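Novice: Before I ask anything, let me first share the structure, which is written out below as structure tokens.
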Amino acid sequence: MDVKTEIESLRKELRLHSHAYYDNDAPTISDFEYDALMRRLEELENAHPELITPDSPTQRVGGSVLSQFAPVHHLVPLESLNDVFSFEELEGFLTRTNEALSKSALYTVEPKIDGLSVAVEYLGGRLYRGATRGDGVTGEDVTENIKTIQSLPKTLVGAPDRLIVRGEVYMSKETFTRLNAQREINGEKLFANPRNAAAGSLRQLDSQICAERCLDIIVFNVQYAQNTQFQSHAETLDALSALGFPVVPYKLCESAENCREQISYLGENRDELPYDIDGAVIKIDKLSEREKLGSTAKAPRWAAAYKYPPEKKQTVVEDIVVQVGRTGVLTPKAVVTPVRLAGTTVTNATLHNQDIIDKLDVRIGDTVLIQKAGEIIPEILEVIKDKRPEGTVPFKLPEICPECGCPVVRDEDGTAIRCTGAECPAQLLRNIAHFASRGAMDIEGLGISVAEALIGKGLISTPADLYYLDAQSVAAVERMGKKSAENLMAAIEKSKDNGLARLLCAFGIRQVGQKAAKVLASRYENLDRLSAATVEELTAIPDIGPITAQYLTGWLSSPQSKHQIELLRNAGVSFESREERLDDRFAGKTFVLTGSLQSFSRDEASAIIEKYGGKASGSVSKKTSFVVAGEAAGSKLVKAQDLGIPILSEDEFKEMIK
């Protein structure tokens, strides 16, 4: 490959990874791998400056501005940093700056928090606006989400009339762990690391979601301070701290040796910090010296980021254990000989799934190379085959659940292997939470914390046990009390008459959500009739495919499921269908709802469409019959117009259902 071709290939690859990281908050490679690609591109461009273009990733900062956010032009650009990956490179940076200044400079060393960089502006002492870095010149207006950060002051006393600070929005390790645990219970995709969780949260269109994520911020720079003169960076940080900002901890260093010591200290103690860091930032302290050195097209010459390399070590796989998650997924984990890695003693390493095990050919007794690079749990990189002992055998995940003994199945569209048990103890909390959720049996007052308390007291071990609770036992549960217990018991009793569609959804059968449950309940008058249906009969129903039919019949025929059904029957839970079809005026028609409707919620409008024989869909396609557009209708309306699909106002829709 010639130089020009390699440069273009690197640029294309880096743009794709940059878009995934900055714009989608879903990186496809590790930071270390991304940095290695960038370094290679920089080397080639430095050797061939005639091939440098203004749009090269080496000449640009961060990501782009997403269309759903208003653009914000930064008064002072939010620059990136040049990276160094060794103390030799650090020495080179310090030498260059000292030579350019003709003196030995004073430096600050700070932890490089792994989050999302933002600029926050105050006018007259009040928080005015918050914006993401974007491409460094233009960012995204995320003011409403910034306001939800509790640690960020909303008013300042004694601040300049106009003040712009730069900080890093992050999610603490504790919050990240709690959030992922909740997402696992809800069956949602887990965040890869706190940085992605923070970035995805700050760019939510609904500020309530952002508030629930409990983000934090650390401020590390004054971008602009009207009619205020500072002499040093340390002085600005102290001033920000006095104003009430959470400020990045820093240490003043007079020499290269001092800088190395502080960088090493931060690296060795990074696991003790409440937030993730991926390096240390070295800055010249005196502001006049910074001004003299200036900046390149994308980064200041007076600062550098020391990036910690991912630490790798060899260890031995002593065992491979299989855990069952709250959603029933079987996850293999390697138990390894304890080894010190990135500041902690590692005893386990993730193996993800059977495909990864097969690819690496990991066996019990193997010597392996493990790495901890930005992820919470270390991973196995490779097997040292020449150290493999004799007699090892390939590892295969079990065909039955190790927790409950039910058969396991592989997802048809992925790598996950999942337990099918309706009473699997590993899935109990998730099953209870789903069973009681609004879209299922809608048991008001039965959230995650209450479910955990009931399970902890041994009062329930299956969803059906909810209908055998008594108010006195529930009242004895911590933080419940008599009145709360009575309300919960009333809600449980009320749910008995919800009908077949809600019950089917509550069972948590794969691919049988609210819509499929309604379709089935409109076809079968009760659960017993549905249980007698064959795969062929079910597949003949519109919107019920062969895979869904197999999941459904498999679940209904399972001994654990049959036990659940009998418990529910004996408790008086209705198995009868409540689906009422008024007429068939919308038969064969598909509706898409977009924007805010004034007279109905989305669920109410969807239910009306279905009662008239129609179908409510979440996406616009050529098969869409009508789009009902409320206020602030977005991309779905635009797509419908492009496809020539009839657009209905809310009033026109109301006329159709008179």
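Novice: If we scan the stretch 189-197, do we find a residue that is at pLDDT below 90, crowded, with 20+ Cβ neighbours inside 10 Å, of a type in the set (G, A, S) and in the same structural domain as L273 (by TED's automatic domain parsing)?
Specialist: Yes, the conditions are met somewhere in the stretch 189-197.
Novice: State all residues of the stretch 382-432 that are in a strand (DSSP E or B) and either over 19 Å from G554 (Cα atoms) or out of contact with any strand residue (DSSP E or B) (no Cβ under 9 Å at 6 or more places or on another chain) (or both); if no residue qualifies, say none.
Specialist: E382, V383
Novice: Residues R418, R430, R438: which one is exposed (fewer than 13 other Cβ atoms within 10 Å of the Cβ) and within 23 Å of the chain's Cα centre (by Cα)?
Specialist: None of the others qualify; the one that does is R438.
Novice: Applying the selection to the stretch 111-166, what residues are under 17 Å from S201 (Cα atoms) and free of Cβ contacts under 8 Å to residues at least 24 places away in the same chain?
Specialist: Selection gives G130, T143.
Novice: Suppose we filter S288, S295 for residues that are in contact (Cβ under 8 Å) with a residue 60 or more places away in the chain, surrounded by fewer than 20 Cβ atoms within 10 Å (Cβ to Cβ) and closer than 29 Å to S102 by Cα; which single one remains?
Specialist: S295
Novice: Going by the conditions given, is V321 part of a strand (DSSP E or B), under 31 Å from the mean Cα position of the chain (by Cα) and surrounded by 18 or more Cβ atoms within 10 Å (Cβ to Cβ)?
Specialist: Considered against the rule, which asks whether it is part of a strand (DSSP E or B), under 31 Å from the mean Cα position of the chain (by Cα) and surrounded by 18 or more Cβ atoms within 10 Å (Cβ to Cβ), V321 comes out as no.
Novice: Just one of D271, D276, D238 is touching a helix residue (DSSP H, G or I) at 6+ places or on another chain (Cβ under 6 Å), charged (D, E, K, R), assigned by TED's automatic domain parsing to the domain that holds L123 and at negative phi; which is it?
Specialist: From the options D271, D276, D238, the qualifying one is D276.
Novice: Next question, about the same structure. Among the numbered conditions (1) farther than 30 Å from A416 by Cβ; (2) surrounded by fewer than 17 Cβ atoms within 10 Å (Cβ to Cβ); (3) in contact with an Asp or Glu (Cβ under 6 Å, 6 or more places away or on another chain), tell me where A571 comes up short.
Specialist: Against the list (1) farther than 30 Å from A416 by Cβ; (2) surrounded by fewer than 17 Cβ atoms within 10 Å (Cβ to Cβ); (3) in contact with an Asp or Glu (Cβ under 6 Å, 6 or more places away or on another chain), A571 comes up short only on (3).
Novice: Still on this structure, please answer the following. Suppose we keep only residues that are surrounded by fewer than 17 Cβ atoms within 10 Å (Cβ to Cβ) and of a type outside the set (A, V, I, L, M, F, W, C) within the stretch 335-351. Which one would you say is nearest to R410 (Cα to Cα)?
Specialist: N348
Novice: Out of the stretch 466-490, which residues are surrounded by fewer than 17 Cβ atoms within 10 Å (Cβ to Cβ) and among the hydroxyl-bearing types (S, T, Y)?
Specialist: Hits for the stretch 466-490 are Y468, S473, S484.
Novice: Looking at the stretch 355-366, can you tell me whether even one residue there is within 24 Å of P559 (Cβ to Cβ), more than 24 Å from the chain's Cα centre (by Cα) and surrounded by 20 or more Cβ atoms within 10 Å (Cβ to Cβ)?
Specialist: Checked against the condition, which is being within 24 Å of P559 (Cβ to Cβ), more than 24 Å from the chain's Cα centre (by Cα) and surrounded by 20 or more Cβ atoms within 10 Å (Cβ to Cβ), the stretch 355-366 yields no hits at all.
Novice: Ok, one more. Quick check: anything in the stretch 444-459 touching an Asp or Glu at 6+ places or on another chain (Cβ under 8 Å) and modelled with pLDDT of 90 or more?
Specialist: Yes, some residue in the stretch 444-459 is touching an Asp or Glu at 6+ places or on another chain (Cβ under 8 Å) and modelled with pLDDT of 90 or more.
Novice: Quick check, is G456 without any contact (Cβ under 8 Å) to a residue 60 or more places away in the chain, small (G, A, S) and either assigned by TED's automatic domain parsing to the domain that holds I185 or out of contact with any strand residue (DSSP E or B) (no Cβ under 6 Å at 6 or more places or on another chain) (or both)?
Specialist: yes
Novice: Does the stretch 441-455 hold any residues that are assigned to a loop (DSSP other than H, G, I, E, B) and within 18 Å of R326 (Cα to Cα), and which are they?
Specialist: The answer is L446, G447.
Novice: Now, a different point. Here is a list: K639, K623, K654. Which entry is in contact (Cβ under 8 Å) with a residue 40 or more places away in the chain and out of contact with any His (no Cβ under 7 Å at 6 or more places or on another chain)?
Specialist: On inspection, the qualifying residue turns out to be K654.
Novice: Moving on. For the structure I just gave you, tell me whether D584 is more than 21 Å from K496 (Cβ to Cβ) and not assigned by TED's automatic domain parsing to the domain that holds G513.
Specialist: Spelling it out, D584 is indeed more than 21 Å from K496 (Cβ to Cβ) and not assigned by TED's automatic domain parsing to the domain that holds G513.
Novice: Hey, another quick one. So which of I282, I277 ends up being in contact (Cβ under 8 Å) with a residue 12 or more places away in the chain and more than 27 Å from the chain's Cα centre (by Cα)?
Specialist: Result: I282 is the single residue among I282, I277 that is in contact (Cβ under 8 Å) with a residue 12 or more places away in the chain and more than 27 Å from the chain's Cα centre (by Cα).
Novice: Going through the stretch 152-177 one residue at a time, which ones are surrounded by 14 or more Cβ atoms within 10 Å (Cβ to Cβ) and outside any strand (DSSP E or B)?
Specialist: Once the filter is applied, which keeps residues that are surrounded by 14 or more Cβ atoms within 10 Å (Cβ to Cβ) and outside any strand (DSSP E or B), the stretch 152-177 yields L152, P153, L156, A159, P160, M171, S172, K173, T175, F176.
Novice: Shifting gears a bit: Give the residue that is modelled with the lowest pLDDT, with candidates limited to residues of the stretch 7-21 that are hydroxyl-bearing (S, T, Y) and over 14 Å from the mean Cα position of the chain (by Cα).
Specialist: Checking each candidate, the answer is S18.
The values are calculated or read from the model by the stated rules, or taken from the named source; none is laboratory data. What you see is a predicted model; the values in this text were computed from it and never measured. Reconstructed Cβ throughout: ideal geometry from the backbone, glycine too, with neighbour counts over all protein chains shown.
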